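Structure record follows, encoded as structure tokens.
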Amino acid sequence: MGEELKLLGVWGSSFSWRVEIALKLKGVEYEYSEEDIFHNKGASLLKYNPVHKKVPVLVHNGKPIAESQVILEYIDETWKDNPILPRDPYERAMARFWAKFFDEKCMSTLWKSCMRSGPEREKAYEEACDLLSTLEGELKGKKFFGGDTVGFVDIVASFVGHWVGTIQEAVGDNVLNKDKFPVLCKWAEEFRNCPIIKESLPPRDMIVAFFKAQREMITAFYKNKA
Amino acid sequence: MADQVTLLDFWPSMFGMRCRVALAEKGVEYEYKDEDLWNKSELLLRMNPVHKKIPILVHNGKPVCESLVIVEYIDETWSHKAPLLPSDPYGRARARFWADFIDKKFYNLGQKVAMTKGEEQEAAKKEFIQSLKLLESELGDEPFFGGKKFGFLDISFIGFYCRFYTYEMCGNFSIEAVCPKLVAWGKRCMEKESVSKSLPDPQKLYGFVLEVKKAMGIE
């Protein structure tokens, strides 16, 4: 049939990884292109995502799809094996709600809690604890957010599943700890040990390198603004 | 068994408007409850404990929150009539991408255009217009964002069209002058009963925003 499937991503980015794991869980073959997002964005990236100029971008038979959650839904609708979203409309609405909650609230607060310093960091830390508590509440009684198997929300929340633990070790933070969030930590462990996911998670040093590059870029951005 | 559908909303909310239009498109009968956002009801707080915001769709006692999530839920639940999203995955992805773009840009920029002055307002206006132009280019020469038919992306933006008058009056500029196709699109949407019956009068909306500004001490 000659399908062309290409993923423009960055190794170490959890957004990029979401798309990779979705494709891997569905057994879909694709070509991966590592993009330079910190210094020199490539022509392909600018062509396929002119609006945001960000990764990940999935290009399927020449047609680009951007924004990781949009891409996940596209993948689920195009390759129907091993569904990521539930079938029932209400369950789907719940999954979309929690994925949105995660990206709009948790991601930015968790980053701030690891990236900033002083009172700004303290405030972010407090907020992060509240948000993680809410997230944990959604998990109670279930092995994964998706139920018995990994689903849409689990993939979106992979930042907490794998990245946060690594980054907080690197910066000496402790927002995600077993005493405060036992259920969430158990989920993270189960998530990391899933077949396919286990083999595919980026190693610790890659995540730390990505995080440091992000931090440098943001620091430089604020310096230039001042 | 008859469906029980309630929409917790606030009449000026562009997010609430999305849900009203979607329900109207599908011909769903529902109870409309206007909330006092300065004195939130126990029902609101119980149905949306995470964000404590409207709109909330309550379907047979079960709440759905976040306007775009609600619109997709409406589309999937009442799937026999007026499909809102296209059937092909790529068309759906494009609609979702641009709806996300609308959410990322227009609320905050619009607030700044309406509520601020001086340099802050000018900067917001500039970015607001840039974003409008980008959205307008997605429309192309088609009657609707969905192509020949009114759909998800039209529903996602129509609430903001209702605010154009407010933005123009507060920001002292003409949107039609910079984005004539977008304004023509808005007028075309307003010809649909599902839209005209769901949206408030733009002048009434402007009046409301002025009252809010006055109460907040903003000139």
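Using θ = phi - 60° in the Karplus curve 6.51 cos²θ - 1.76 cosθ + 1.60, the 3J(HN,Hα) couplings for the stretch A:192-207 round to 5, 8, 5, x, 6, 5, 3, 6, 9, 5, x, x, 3, 5, 5, 5 Hz; x is entered for Gly and Pro. Since only B:Asn48, B:Leu134, B:His59 are under comparison, the one whose Cα sits farthest along the positive direction of the charge dipole of chain B, derived from C-beta charges on Lys, Arg, Asp and Glu, is B:Leu134.
Exposure proxy for A:Val70, A:Val156: other Cβ atoms within 10 Å of each Cβ, ordered fewest to most, give A:Val70, A:Val156.
Here is the list for the stretch B:12-64: GluC sites (Glu not before Pro) lying in DSSP coil, each with at most 15 other C-beta atoms within 10 angstrom of its C-beta, are B:Glu29. Taking the fewest neighbouring Cβ atoms within 10 Å as the starting point, the ordered list for B:Glu219, A:Glu189, B:Glu119 is B:Glu219, B:Glu119, A:Glu189. Working from Cα pairs under 8 Å separated by at least six residues, relative contact order for chain B is 22 percent.
Bin all alpha-carbon pair distances of the stretch B:89-215 at 10 Å intervals from 0 and give each bin's fraction as a whole percent. The calculated distribution, bin by bin, is 12, 44, 34, 9, 1. Around the Cα centre of the stretch B:96-154, unit charges on the Cβ atoms of Lys, Arg, Asp and Glu (plus for the first two, minus for the last two) sum to a dipole of about 100 debye. Over all distinct Cα-Cα pairs of chain B, the Kirkwood formula returns a hydrodynamic radius of 18.0 Å.
Taking 10 °C and 1.306 mPa s as conditions, chain A diffuses translationally at an estimated 87 µm²/s according to Stokes-Einstein applied to its Kirkwood radius (Cα pairs). Here B:Tyr206, B:Tyr32, B:Tyr73 are placed in order of increasing Cβ neighbour count within 10 Å, fewest first, which gives B:Tyr32, B:Tyr206, B:Tyr73. Taking a ≥ b ≥ c as the square roots of the eigenvalues of the alpha-carbon gyration tensor, the stretch A:41-163 is classed oblate because a/c is 1.5 or more while a/b is no larger than b/c.
What's the center-to-center distance, using Cα atoms, between the stretch B:1-61 and the stretch A:140-170 in Å? The two parts, judged by their Cα centres, are 31 Å apart. When the protein assembly as shown is described by a simple charge dipole with +1 on each Lys and Arg Cβ and -1 on each Asp and Glu Cβ, the residue from B:Thr166, B:Pro89, B:Leu37 located farthest towards its positive end is B:Thr166. Principal semi-axes of the equivalent ellipsoid, √(5λ) from the alpha carbon gyration tensor of the stretch A:1-79, are 19, 13, 11 Å from largest down.
Across chain A, the mean sequence separation of Cα contacts (distance under 8 Å, 6 or more residues apart), normalised by length, yields a relative contact order of 21 percent.
The residues neighbouring A:Gln214, those whose beta-carbon lies less than 13 Å from its own, together hold a net charge of +4 under the Lys/Arg +1, Asp/Glu -1 convention. Per-residue mean of foreign Cβ neighbours for A:88-99 is 6 (Cβ atoms of other chains, 10 Å radius). Taking every residue in B:63-75 and counting other chain Cβ atoms within 10 Å of its Cβ, the average works out to 4. Scan the stretch A:1-66 for chymotrypsin sites (Phe, Trp or Tyr not before Pro) in coil per DSSP, keeping those whose Cβ has at most 13 other Cβ atoms within 10 Å, and list them by number. Here the chymotrypsin sites (Phe, Trp or Tyr not before Pro) that fit, given the DSSP loop and packing criteria, are A:Phe38. Let me know the shape class of the protein assembly as shown, please: from the alpha-carbon gyration tensor, a ≥ b ≥ c as square roots of the eigenvalues, rounded when a/c is under 1.5, otherwise prolate if a/b is greater than b/c, or oblate. Rounded shape, in that the Cα axes give a/c under 1.5. Stretching A:Glu199 away from A:Arg87 to a fully extended chain increases their span by 37.5 nm, per 0.36 nm per residue minus the current alpha-carbon distance.
Dipole magnitude for the stretch B:89-215: computed about the Cα centre from +1 point charges on Lys and Arg Cβ and -1 point charges on Asp and Glu Cβ, it is near 240 debye. Relative protection proxy for B:66-72, A:207-213, A:121-127, from highest mean packing down: B:66-72, A:207-213, A:121-127 (other beta-carbon atoms within 10 angstrom).
Taking the charge dipole of chain B about its Cα centre, with +1 at Lys and Arg Cβ atoms and -1 at Asp and Glu Cβ atoms, the residue from B:Gly110, B:Leu23, B:Met190 reaching farthest to the positive side is B:Gly110. Could you tell me which of the pairs A:Lys24/A:Lys142; A:Lys63/A:Lys100; A:Lys123/B:Lys112; B:Lys40/B:Lys117; A:Lys123/B:Lys52; B:Lys126/B:Lys148 are separated by over 28 angstrom between their Cα atoms in the structure shown? Violating the 28 Å Cα-Cα cut-off are B:Lys40/B:Lys117; B:Lys126/B:Lys148. When only the Cβ of Lys, Arg, Asp and Glu is charged (+1, +1, -1, -1), the dipole of the stretch A:1-131 relative to its Cα centre reaches about 260 debye.
Ellipticity at 222 nm from helices only: DSSP H runs of n ≥ 4 in chain B, each -39500 (n - 2.57), divided by the residue count, give -18000 deg cm²/dmol. Compactness ratio for the stretch B:5-77: Cα radius of gyration over 2.2 N^0.38 Å (N = residue count) comes to 0.98. Restricting the GluC sites (Glu not before Pro) of the stretch B:145-200 to loop positions (DSSP other than H, G, I, E, B) with no more than 12 neighbouring Cβ atoms within 10 Å leaves B:Glu191.
Where a number appears in this text, it was derived from the coordinates with a stated rule and is not lab data. Quick caveat: nothing in here was measured; it's all calculated off a predicted structure. Methodologically, a virtual Cβ is constructed for each residue, glycine included, from the backbone with ideal geometry; neighbour enumeration extends over all protein chains shown.
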